[in-house]
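The structure appears below as structure tokens.
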Amino acid sequence: MARTKAFDESLAIDQAMNLFWEHGYEATSVRDLSMETGIGISSLYNAFGDKHNVYGAALDRYGEMERKQFAADLASGRPIKALLGEMFANLIDTLLADDGSRGSFTLNAAIELGGRDPAITRRLRAHFGAISDLLADRLGAAQEAGEIPRAAPPLELANYLLLGLYSLAVMVKIMPDRARLEAMAAITLSILDQP
């Protein structure tokens, strides 16, 4: 008779996500994961296979949350300039709340493993592509409605704005200075006023 799991896999992934987010992939051991989740090492291996699979599941969970939040923000119906200004401001608030030490889990994964780990790189490529597509759709609608000029194709514009957005999560780790981050955001968003 098969034994039932004595732990909540979803909760374990959330706990692992927070641990990886805080310390990164390389600095987090299977022992750390076991201690954080309260799950024995053999049970972790039985449930997930290995640390890499736990990390992939945690990255998927974070990416799903990030995409859902992004989609909800973009669906608000607010004018695009005000909406993006608020999104940048909210990100700055979030990043400064923990002194920029954690940043964005997906961006941290891209910096630590992107290009070196094919499976993680594929996950990140799909995630960032989905985020770009969401933003491009909203930017295209804003261009059609005359909210913003057609200075660039929507996908190129989306990629540029996301570069600026994610750059804040890198810069805050080095310079957690609100005025500097807000100035960077303002310059990035000024692309929306280009004819």
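The numbers here are math on the coordinates, done by the rules we state, and not lab data. Quick caveat: nothing in here was measured; it's all calculated off a predicted structure. Every residue, glycine among them, receives a Cβ derived from its backbone with ideal geometry; neighbour counts consider all protein chains shown.
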Report summary line: Least to most buried among Thr94, Thr106, by other C-beta atoms within 10 Å and fewest first, runs Thr94, Thr106
Query raised in the report: How much length is gained if the chain between Glu112 and Asp93 is pulled fully straight, taking 0.36 nm per residue apart and subtracting their Cα-Cα distance, in nm to one decimal?
Result: 4.4 nm
Query raised in the report: For Arg31, Arg123, what ranking results if the residue with the fewest other Cβ atoms within 10 Å of its Cβ goes first?
Result: Arg31, Arg123
Query raised in the report: Using Cα pairs under 8 angstrom and six or more residues apart, how large is the relative contact order of the chain, in percent?
Result: 22
Query - Neighbour-count ranking [beta-carbon atoms within 10 angstrom, fewest first] of Phe70, Phe20, Phe7 - result: Phe7, Phe70, Phe20
Requested in this report: Give me the aspartates and glutamates in straight-line cross-link reach of Lys81: C-alpha distance below 18 Å, same-chain residues under 8 apart excluded.
Outcome: Asp73, Asp133, Asp137, Glu144, Glu147, Glu156, Glu182, Asp193
Report task. Name all residues of the range 172-195 having a backbone nitrogen under 13 Å from the label point set 7 Å from the Cα of Ala151 along its Cα→Cβ direction, giving them as ranges. Result -> 186-195
Query raised in the report: Cross-link partners among aspartates and glutamates for Lys173, C-alpha distance below 13 Å, same-chain residues fewer than 8 apart left out?
Result: Glu22, Asp98, Asp99
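As a test of the formula, what do you get for the chain when each DSSP H run with n ≥ 4 contributes -39,500 (n - 2.57) and the sum is divided by the residue count, at 222 nm and rounded to the nearest 500 deg cm²/dmol?
The helix contribution divided over the chain gives -24000 deg cm²/dmol.
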Report task. Compute the whole-percent fraction of alpha carbon pairs in the range 57-193 spaced more than 26 Å apart. Result -> 22
